[in-house]
Structure formats: C-alpha cells, structure tokens
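The values are calculated or read from the model by the stated rules, or taken from the named source; none is laboratory data. The structure presented is a predicted model; accordingly, all values stated were derived computationally and were not measured. Virtual Cβ from ideal backbone geometry, glycine too; neighbours counted across all protein chains shown. Just the protein is used for accessible areas: all its heavy atoms, side chains included, with ligands, DNA and RNA removed. Shrake-Rupley method; radii C 1.70, N 1.55, O 1.52, S 1.80 Å.
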Amino acid sequence: MGKFFINGGKALQGEVVLDCAKNSLLPILAGCILVDGKVKLLSVPKYSDVIAMCDILENLGAKVCWLADDLLLDCSCIDKSVICHELASPVRSSVFTLGPLLARLGKAKVAYPGGCDIGLRPIDIHLSSLKQLGCKIIEKNGYIYGEKGDNGNQSVVLKFASVGATENIMMFATLLPGKTQIFNAAKEPEIVDLACFLNKCGACIKGAGSDVITIDGVQSLSGCEYLAIPDRIECGTFLIGAAMTHGQICIKNAIEKHNEVLIEKLKSCGCKIFSDQNGLHLSSPKTLESFGDVETAVYPGFPTDLQPQIVALACVCNGCSLIFENVFESRFNYVGELLKLGGDVKFKSSVCIVRGRKKLYGADVFATDLRGGAALVLAGLASEGYTTVNKIEYIDRGYYNLAEKLTKLGADIKRL
Ligand code: UD1
C-alpha cells in the first residue's frame with residue numbers, strides 16, 4: 001500500500017497539463033465493445049480504474065495493448081458476455097458494459113459493480129431503462145442477467161439525470177434499429193465526449209449535452225483514433241490546491257467552461273483567475289475569504305467530485321462556509337481525517353459547516369475514497385509540517401502521477 005509524504009507550506013507555482021478525463025475514458029472503454037474494428041485512444045493516463053476496465057475487456061476477448069501512452073483496442077473478437085465478481089467489483093464503471101454487451105452480443109451476465117464508498121449507489125435507473133427498451137433483466141446471486149428483446153419503447157424518461165445510466169442507454173441504443181430518445185438525460189461534458197467518440201466510430205447521436213438525446217441506430221461501428229477531453233476534476237483539484245497554498249499556476253489545457261461554478265467560488269475567495277492563449281491562470285491572495293456556501297448539483301452545477309476539495313479549501317478561508325451535498329447520500333467520510341489536520345468541520349446528513357482556521361497542522365491521515373483522498377493531499381500541502389496520506393490506492397483510481405505533477409509545481413511531496 002502506497003502513501004504520500006508531504007512537507008507542507010510550499011506554494012504551488014508554475015504550469016501543469018491535465019490528463020484525459022477519467023470519467024470520459026471509462027465509458028469510452030465500455031463503448032469500445034460496440035466497435036467492430038481497431039480503436040486507438042491517445043494519451044491515456046494509467047488510472048487504476050482504466051487498468052481495471054482494460055482487464056474486463058481482455059477477459060471478454062478483446063485485444064488490448066499499450067503503445068507508449070496510447071491505448072490500442074480491438075474488440076472485434078469479443079465473444080464472451082460474462083463479467084465475474086472479481087473483475088466487476090473493483091470499479092463502478094463495470095456496469096457501463098451492460099448496454100454495449102446487450103447491443104453487441106444480445107446477452108450479458110455482469111456482477112454488481114463496486115467503486116468508492118460514498119453511500120448507496122443503486123443501478124435501478126440503468127436497469128429500468130434497459131427494460132423499457134425491451135431488455136429482459138433479472139437480478140440473481142449477485143449478477144445482473146440481461147437479454148435483448150424486440151418490443152421495446154422508443155424512448156426513456158430518466159427519473160434522475162444519472163450520468164452512468166445516460167451513458168449506458170446511449171451505448172445500448174447506438175446499435176438498436178430505429179430512433180431512441182433519452183429524456184432528462186445527464187448533460188455532463190463526459191457524456192458529450194462519449195457521444196463524440198461513438199459518432200467518430202459511425203454512430204448517429206444528437207443532442208448530447210442537452211437534456212434530450214436522440215440516437216438513430218446504425219448497424220455497426222468501425223474503429224477510430226480518439227483523444228478524450230481534459231479532466232475537469234483534476235483541473236479543479238489543482239485550482240483549489242493553488243488557492244489553498246497561496247500560489248500562482250497556469251493550467252495549460254483547461255476548458256474554463258467546464259469549471260465555471262468553481263471559478264466563481266474561487267474568485268469570491270479573492271483569487272484572480274483569467275484565461276489567455278497559454279491556459280487558465282490562478283493567483284491566490286495572502287488571505288482567503290470564505291466562498292459562503294456551495295451546493296453540489298448535476299452539470300453545470302458544482303460537481304460532487306470537487307466537494308471534498310472545496311471543504312478542504314474552506315478550512316483555510318476566513319469565516320464560515322456551508323457545503324451541501326445533493327448528489328450522493330453519504331460523501332463526508334473523509335471529514336474525520338481532515339479534523340486530524342486541524343480542520344474545524346462539522347457535518348450532519350448532507351450539510352457540512354466549516355469554520356476557517358489560520359493554519360492546519362500536518363498529521364498521519366488515511367484516504368477513505370478517491371476525491372476525499374485528494375482533499376487530504378491538498379490539506380497536507382497547505383499544512384504546517386509533515387503529513388502522511390495513507391491508502392493512496394484510492395487516489396490512484398483517478399489521478400495519475402499526482403506526486404510528480406505537484407513536485408513540478410513546487411510542492412514537497414513523495415510517494416513512498
Ligand atoms: C458518475 C461519475 C462520478 C460522479 C457522478 C456524479 C463516472 C465513472 N463516475 O458516477 O465520478 O461523482 O457521475 O457526477 O462517470 N442513482 C440512482 N440510480 C441509478 C443511478 C444513479 O439512484 O441507477 C443515483 C446515485 O446513487 C447518485 C446519483 O444518482 O446518488 C448520481 O449518480 P450518477 O449520476 O449515476 O453517477 P455515476 O454515473 O455513478
């Protein structure tokens with residue numbers, strides 16, 4: 001088990017380049033199941049979740065290999081439709097294979113997905129939507145059994161704009177004859193990215209990024225070369241890290257529009273933020289004021305995946321901040337660890353109240369999940385003295401070479 005050893009108090013300064021978005025790559029990898037040809041995914045960071053999805057594809061019969069940082073996939077030879085518990089349970093994204101497997105092979109047997117412990121994460125919207133589109137779905141002995149049928153509806157209305165369910169249905173409908181519509185679809189940039197990838201392979205998907213997605217089914221998809229969008233959560237993590245350490249950074253390939261609410265919040269803390277041809281720049285003042293309150297919401301609202309990091313930021317802002325978690329039911333598991341660093345944080349059900357302190361102090365802490373772990377790293381960077389962040393395998397799920405990138409920005413952090 002790895003750990004980060006941080007000597008805090010150094011300002012983040014300099015330039016950084018974002019990796020491709022984890023939440024784009026995972027559904028895109030599932031989408032490769034639909035493709036009867038070779039796919040080359042460019043500059044793929046080796047997130048542990050990506051490696052887990054590659055293992056799943058290989059087990060289904062796909063050929064997967066790395067060519068330096070590019071990932072080559074040939075799913076034309078996929079002939080298995082079963083994903084066992086050992087392969088499915090390490091990642092949430094294993095459930096994304098359901099739609100593509102049903103579309104390509106007409107059947108699937110997939111064990112329940114896993115993922116970070118951030119509360120109950122049901123998959124009822126995925127399953128009920130596939131049923132509405134004509135699939136027979138049975139849940140038994142820890143597995144989801146699916147079979148494609150003929151007499152499905154032409155549309156589904158999601159009761160909640162679930163990111164994963166939108167992606168699963170979009171992939172299933174790609175090879176379904178006729179027109180399928182998804183109403184109340186999720187609008188996250190990663191959904192647009194998945195649609196762009198599938199369209200580049202020959203799919204006909206319109207409206208991704210709005211709440212109505214229309215898919216005209218095609219007979220087959222062929223291979224392509226694709227570069228996924230930069231990771232907006234990594235972007236937010238660096239922006240917050242620079243703010244907390246009173247630094248000055250430039251994020252070379254940031255897409256400002258993907259982080260609009262965060263940028264507004266950081267400006268209200270006193271940070272100066274602007275974009276030019278070199279990238280997105282942030283410079284942080286000597287004293288940060290509280291951003292007031294923030295509530296997580298579906299895109300374009302404030303992302304739940306940046307909630308722990310903004311709670312860490314609130315710990316070093318003047319005054320009191322309120323953070324409402326509206327997307328996941330229990331996403332404050334990391335707070336106990338933040339207290340060890342001196343944070344004044346209280347939470348009850350979905351609300352967290354933070355009273356800013358002048359200083360945090362280094363301590364030995366344990367990551368509890370991916371983004372909670374990132375928040376602890378940021379708090380460690382902003383603390384006086386030494387912090388050890390244990391259990392960083394959670395962080396490896398969605399950050400690649402994090403210590404190297406932070407070191408280049410002037411942090412004193414080592415992976416042990
Ligand atoms: C995706 C992201 C995750 C992010 C989340 C919300 C990936 C790989 N992961 O996760 O990083 O935090 O979006 O932006 O893209 N829900 C149900 N039933 C369902 C599906 C979801 O009740 O069938 C609920 C969930 O429990 C949760 C909420 O809907 O409370 C949001 O989940 P969803 O949008 O599906 O998130 P994921 O796709 O799991």
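Kindly express, to the nearest 10 degrees and within the range 0 to 90, the angle between helix 48-60's C-alpha long axis and the longest C-alpha principal axis of the chain.
Long axis of 48-60 versus the principal axis of the chain: about 10 degrees.
Which pairs, out of Lys359/Lys408; Lys40/Lys267; Lys63/Lys131; Lys131/Lys257; Lys40/Lys391; Lys63/Lys408, put more than 28 Å between their alpha-carbon atoms?
Lys40/Lys267; Lys63/Lys131; Lys131/Lys257; Lys40/Lys391; Lys63/Lys408
Taking the Cα centre of the chain as origin, work out the dipole magnitude from +1 charges on Lys and Arg Cβ and -1 charges on Asp and Glu Cβ, in debye rounded to 20.
460 debye
For the chain, rounded, prolate or oblate, judged on the Cα gyration tensor with a ≥ b ≥ c (square roots of eigenvalues), a/c < 1.5 rounded, else prolate if a/b > b/c?
It comes out prolate by the Cα gyration axes.
Taking H as built 1.01 Å from N, whose amide H comes closer than 5 Å to the amide H of Asp364, not counting residues under 5 places away?
Those qualifying (amide H under 5 Å, at least 5 residues apart or on another chain) are Thr388.
Could you estimate the translational diffusion coefficient of the range 274-416 from the Stokes-Einstein equation, with Rh from the Kirkwood formula over C-alpha pairs, at 10 °C and 1.306 mPa s, in whole µm²/s?
101 µm²/s
Rounded to whole Å, give me the distance from the Cα center of the range 270-323 to that of the range 72-119.
Distance between centres, Cα-based: 36 Å.
Taking amide H positions as placed in the peptide plane 1.01 Å from N, state which residues far from Glu15 in sequence (5 or more) or on other chains have amide H under 5 Å from it.
Cys250
Looking at the chain as a GNM with Cα springs under 10 Å, which of Asn326, Asn390, Asn141 has the largest mean-square fluctuation?
With Cα springs under 10 Å in the chain, the top fluctuation among Asn326, Asn390, Asn141 is at Asn141.
Within the range 183-201, name every residue whose backbone N is under 18 Å away from a label modeled 7 Å from Cα of Glu225 along the Cβ vector.
Backbone N within reach: 197-201.
Just to check I understand the Karplus step: with θ = phi - 60° and J = 6.51 cos²θ - 1.76 cosθ + 1.60, what whole-Hz values come out for the range 135-151, glycine and proline as x?
7, 9, 10, 10, 10, 8, 6, x, 10, 9, 9, x, 9, 6, x, 9, 9
Given axes a ≥ b ≥ c from the Cα gyration tensor, I'd like to know whether the range 22-226 is rounded (a/c under 1.5), prolate (a/b larger than b/c) or oblate.
Here the range 22-226 falls in the rounded category.
Going toward the positive end of the dipole of the chain, with +1 on Lys and Arg Cβ and -1 on Asp and Glu Cβ, which of Val35, Phe324, Gly61 do you reach last?
The one lying farthest along the dipole's positive direction is Phe324.
Cut-off 17 Å, label point 7 angstrom out along Cα-to-Cβ of Tyr386: give me the residues of the range 1-20 whose amide nitrogen falls inside.
Within reach of a label on Tyr386: 3-10.
Residues with amide H under 5 Å of Ser275's amide H, sequence separation 5 or more or different chain, H placed in the peptide plane at 1.01 Å from N; which?
Distant-sequence amide H within range of Ser275: His281.
Under the 0.36 nm per residue contour assumption, what length would be gained going from the current alpha-carbon distance of Lys40 and Glu86 to full extension?
13.9 nm
Full extension from Gln277 to Phe5: what is 0.36 nm times the residue separation minus their Cα-Cα distance, to one decimal in nm?
Extra length available between Gln277 and Phe5 comes to 94.4 nm.
Can you give me the distance in nm between label points at Lys346 and Ala297, each placed 7 Å from the Cα along the Cα-to-Cβ direction?
Here the answer is 2.7 nm between the modelled labels.
Straight-line reach only, C-alpha to C-alpha below 18 angstrom: list the aspartates and glutamates that Lys252 could link to, leaving out same-chain residues fewer than 8 apart.
Within the straight-line cut-off, Lys252 pairs with Glu15, Asp19, Asp231, Glu234, Glu260, Asp276, Glu404.
When the accessible area of the chain is split by element with a 1.4 Å probe, what percent falls to carbon and sulfur?
Summing carbon and sulfur atoms, their accessible area is 52 percent of the total for the chain.
Which of rounded, prolate, oblate describes the range 321-375, given a ≥ b ≥ c as roots of the alpha-carbon gyration tensor eigenvalues and a/c under 1.5 marking rounded, otherwise prolate only if a/b is larger than b/c?
The shape class here is oblate.
Once phi is turned into ³J(HN,Hα) by the Karplus curve 6.51 cos²θ - 1.76 cosθ + 1.60 with θ = phi - 60°, what whole-Hz value does each residue of the range 350-355 show in order, with x for glycine and proline?
Once rounded to whole Hz, the list reads 9, 10, 10, 10, 10, 9.
Compute the helix-to-body angle for 22-31: its Cα long axis versus the longest principal axis of the chain, expressed 0 to 90° and rounded to tens.
Taking the Cα atoms of the chain, the angle to 22-31 is about 10 degrees.
What nm value, rounded to one decimal, do you get for the distance between Leu72 and Lys252 when each label is placed 7 Å out toward the C-beta?
Between Leu72 and Lys252, the simple spin-label model gives 2.6 nm.
Find the relative contact order for the range 22-226 and round it to a whole percent, using C-alpha pairs within less than 8 Å whose residues are 6+ positions apart.
After rounding, I find 21 percent.
Please compute the per residue accessible area over the chain with all protein chains in place, 1.4 Å probe, rounded to a whole number of Å².
39 Å²
From the phi angles alone, apply the Karplus equation (6.51, -1.76, 1.60; θ = phi - 60°) to the range 102-113 and give each ³J(HN,Hα) in whole Hz, x where the residue is Gly or Pro.
So the Karplus estimates, Gly and Pro as x, are 5, 5, 7, 10, x, 8, 7, 9, 10, 5, 4, x Hz.
With everything on Cα atoms, drop me the angle between helix 189-200 and the longest principal axis of the chain, reported from 0 to 90° to the nearest 10.
The answer is roughly 40 degrees.
Report the relative contact order of the chain, percent, no decimals, based on alpha-carbon pairs under 8 angstrom and at least 6 residues apart.
21 percent
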